[in-house]
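For reference, the structure discussed in these notes is given below.
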Number of protein chains: 2
Amino acid sequence: MAVTIKDVASAAGVAPSTVSRVIADHPRISPATKKRVKKAMKDMGYHPNVNARSLANRSTQAIGVVMSSSADKALQNPFFPEVLRGISAIAHSLDYSMLLSTGGTDEEMLEGVERMVYGNRVDGIILLYSQINDPVMNFLLEKEFPFTMIGKPFDRVDEITHVDNDNIRGGKEITNHLIELGHDRIAFIGGSTDLVVTLDRLKGYQVALQEAGLPIREDYRVHTEFLKSGGRDAVHQLFSLENPPTGIVIADDLMTIGVINMLEEFGMLVPENISIVSFNNVYLAEVTRPPLTTVDIHIYELGSQAAKCLIEKVRNKDEPAKRIIVPFNIKHRLSTQRNETL
Amino acid sequence: MAVTIKDVASAAGVAPSTVSRVIADHPRISPATKKRVKKAMKDMGYHPNVNARSLANRSTQAIGVVMSSSADKALQNPFFPEVLRGISAIAHSLDYSMLLSTGGTDEEMLEGVERMVYGNRVDGIILLYSQINDPVMNFLLEKEFPFTMIGKPFDRVDEITHVDNDNIRGGKEITNHLIELGHDRIAFIGGSTDLVVTLDRLKGYQVALQEAGLPIREDYRVHTEFLKSGGRDAVHQLFSLENPPTGIVIADDLMTIGVINMLEEFGMLVPENISIVSFNNVYLAEVTRPPLTTVDIHIYELGSQAAKCLIEKVRNKDEPAKRIIVPFNIKHRLSTQRNETL
DNA sequence: TTGAAAGCGCTAACAA
DNA sequence: TTGTTAGCGCTTTCAA
């Protein structure tokens, strides 16, 4: 069928093993034969068969990316393509392929990962989320299969290579921004409490309140799914309170957009009547109305770092567990203003 | 290392080939041995090595998905995760893996595809876009490598299996909606004219105008990149005209969001001052303010159909080229109203 | 520096 | 219905 290593070998007048050595850029090979073989490869349009290669040396030059697509989590969120872009850039530059596995349920996700691992389809895996008690992670840990995660592991933090933002500090700083603007009734809207990222951002929010001597009110905290109905419920819940908040910290830009629309429906204007800050700085945060004051978490970099770590780890089994903190910075835009209700 | 087919064979007291046959669900095998082998597989925790399998029978059980990530095209657009979801569902259900290849430039994309094809990594490929004079497509055609595309091929329409909406009709109907509302100065904003989808939607728009006896004004047509600056320029261009439009047909929801924001910045309200319709019906179209009247193109289905066709084609080389038209329907929401300027 | 040969795990004739 | 055996295309000792 296609041209094989043998064809190249005989064309170049060498043994297949020699050709193999030039492919692998083996050091002990004379420049002369190397050149000759390379020429033959080019002339004949030779391309190594990765399957044969994988079989022989038990490495696939591919990484797996696992994302959840259930309502509450990643998909439909622009976070997602952006992080893929980061992963893809590194993978491509190091000649790795990228397998994607999505699943709606935990079970489907586990199946997908098992296929990748058991089938020897990938050398390592990136988890695009961090969730409490994740069966996928437990599986990987048990099989001692190389993986890195984006986000902070819920436990075993020191054993798991992960890349994350300092979401606690991010939560604190963005909340402080609201406090500095004179807000003292500040609510928090976040996603599922199974997601570590939600917990961390919440924590930061609480620390900021506490340090400012503000009360931490349970009724100012609402957890909701990303999608539409959720935004509505959250807003409804907060604004039926006797003393509704004048500021809200929201854990995700996309949620924020939903919330702002709900607010307007209820006749509340952002930022005139209520100030809002959020997280991620996806593309939309900049073009939506009003443009969002948000924590830029550098999504692309999260992806590229995770890929880099994973590939290091795959290439060197003894690479120690790492923790990479991607710095954030706050984008000040127009969704906040000084609290006039004082 | 891991347990192999030989281990299973000896444990079950049969030959490796027998085990292989039960894996492949070969018809001529006695229920008794089948059961025995299956038990052994389960007991030993056996999982076939896909690489070895690929090597032996030259099929990978994997499909490649190619998307462009350059500014003007897919990424950052929620279209994207949604179509992946559709592909992934089918792939998963038929036990195929999914390789993803992104690239910023045509060249990078071609490289990615070459790696998939030459490396024998996938059995077939889905192109998530249709572009004039696409080197990737030409490569695939030349190699006679199985592929399907989402969107309409620019030429060789009958030779290429593709799944698409009837974008011409969609463009026409959505434009008619504006006409019926009394608008007679209707502009069109679209993406790159290299994309077939842009051309088709534009065509539909023009047909509608023509049939309604309305003039097709060149200065009412602007092409722009999806991203922010683009929206600004487009709006600026249209509203410096002597007779600015009272309605706009925009080829993509995400662009629409940008345009609406620009409009508001210029003091124009949607739909009070100007009516807007667009395409895709991504999640945001529903939650943005105002909710968008848009053509729902059924993105998920585009993905799942493309995957289905591809896998059919991969399994049967002689499968004829198909053309699948996914129906659309118009979601009437709040971005349009009757033209009051008459 | 190079070649010969065994083997990675599986499939697919061909035989029995 | 099942077993035997030769590959699939590549890597990797071991020897030369």
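Note down the Stokes-Einstein diffusion coefficient of chain B in µm²/s, whole number, using a Kirkwood radius over alpha carbon pairs, 10 °C, and 1.306 mPa s. Taking Rh from Cα pairs, D becomes 71 µm²/s. Converting the Cα gyration tensor eigenvalues of region A:37-144 into ellipsoid dimensions via √(5λ) gives semi-axes, longest first, of 31, 17, 10 Å.
Inter-copy label distances for B:Asp219: 5.9 nm (label point placed 7 Å from Cα along Cα→Cβ; shortest first).
What helices in chain B pass both tests, a Cα length along the helix axis of 15 Å or more and a mean Kyte hydropathy of -1.0 or higher, using whole DSSP H runs?
B:79-93, B:106-118, B:167-180, B:196-211, B:228-239, B:253-265, B:299-315
Each other copy holds its own label point for B:Pro31; taking that point as 7 Å from Cα along Cα to Cβ, the gaps run 7.2 nm, nearest first.
Could you work out the equivalent-ellipsoid semi-axes for region A:167-297, taking the square root of 5 times each eigenvalue of the Cα gyration tensor, largest first, in whole Å?
Working: eigenvalues 70, 56, 44 Å².
Values for region A:167-297, descending: 19, 17, 15 Å.
Computed from the C-beta positions of A:Arg338 and B:Tyr300 and an R0 of 41 Å, the FRET efficiency is 0.40 to the nearest 0.05. Between region B:79-110 and region A:265-327, the alpha-carbon centres lie 23 Å apart. Dividing the Cα radius of gyration of region B:91-188 by 2.2 N^0.38 Å, with N the residue count, gives 1.42.
Dipole magnitude for the protein assembly as shown: about 3340 debye, using +1 per Lys or Arg Cβ and -1 per Asp or Glu Cβ, origin at the Cα centre. The GNM of chain B, with springs linking C-alpha atoms under 10 angstrom apart, assigns the highest mean-square fluctuation among B:Ile179, B:Ile150, B:Ile276 to B:Ile179.
In this model, which of A:Lys143/A:Lys172; A:Lys38/B:Lys143; A:Lys203/A:Lys331; A:Lys38/A:Lys322; B:Lys39/B:Lys308; A:Lys172/A:Lys308 are farther than 27 Å apart at the alpha-carbon? Walk me through the intermediate numbers first.
Working: A:Lys143/A:Lys172 37 Å; A:Lys38/B:Lys143 23 Å; A:Lys203/A:Lys331 21 Å; A:Lys38/A:Lys322 39 Å; B:Lys39/B:Lys308 32 Å; A:Lys172/A:Lys308 29 Å.
In this structure, A:Lys143/A:Lys172; A:Lys38/A:Lys322; B:Lys39/B:Lys308; A:Lys172/A:Lys308 exceed 27 Å between Cα atoms.
Comparing A:Arg232, A:Arg21, A:Arg221 in a Gaussian network model of chain A, where Cα atoms under 10 Å apart are tied by springs, the biggest mean-square fluctuation is seen for A:Arg21. Which value results when the Cα radius of gyration for region B:269-342 is divided by 2.2 N^0.38 Å? Cα Rg divided by the expected 2.2 N^0.38 Å: 1.61. Which of B:Val136, A:Ile216, A:Pro31 sits closest to the plus end of the dipole of the protein assembly as shown, meaning its Cα is farthest towards the positive end, when Lys and Arg get +1 and Asp and Glu get -1 on the C-beta? So the residue furthest toward the plus end is A:Pro31. Each listed q (0.28 Å⁻¹) maps to a log10 I(q)/I(0) for region B:14-68, found by the Debye formula over equal Cα scatterers with no solvent: -1.17. Near A:Met98, the amide H atoms lying under 5 Å from its own belong to A:Ile63, B:Leu100; only residues 5 or more places off or on other chains count, and H is placed 1.01 Å from N.
Calculated [222 nm] ellipticity per residue, helices only, for chain B: -13500 deg cm²/dmol; basis is -39500 (n - 2.57) per DSSP H run with n ≥ 4, divided by all residues, nearest 500.
Have a look at the DSSP beta bridges in the protein assembly as shown and tell me what percent are antiparallel, nearest 5. So the antiparallel bridges amount to about 15 percent of the total.
Taking a temperature of 37 °C and a viscosity of 0.692 mPa s, what whole-number D in µm²/s does Stokes-Einstein yield for the protein assembly as shown with Rh from Kirkwood over alpha carbon pairs?
Values: Rh = 27.3 Å.
The diffusion coefficient I find is 120 µm²/s.
Each copy carries a label point for B:Asn329 at 7 Å from Cα toward Cβ; from one copy, the others' points are 4.9 nm away, ordered from shortest. Springs join every pair of Cα atoms under 10 Å in this Gaussian network model of chain A, and among A:Glu111, A:Glu242, A:Glu312 the largest mean-square fluctuation is at A:Glu242.
Bear in mind these aren't lab numbers, they're just calculated from the coordinates by the rules spelled out. It should be emphasised that the depicted structure is a prediction, and the values quoted were computed from it without experimental measurement. Neighbour counts are summed over all protein chains in view; Cβ atoms, including those assigned to glycine, are modelled from backbone coordinates with ideal geometry.
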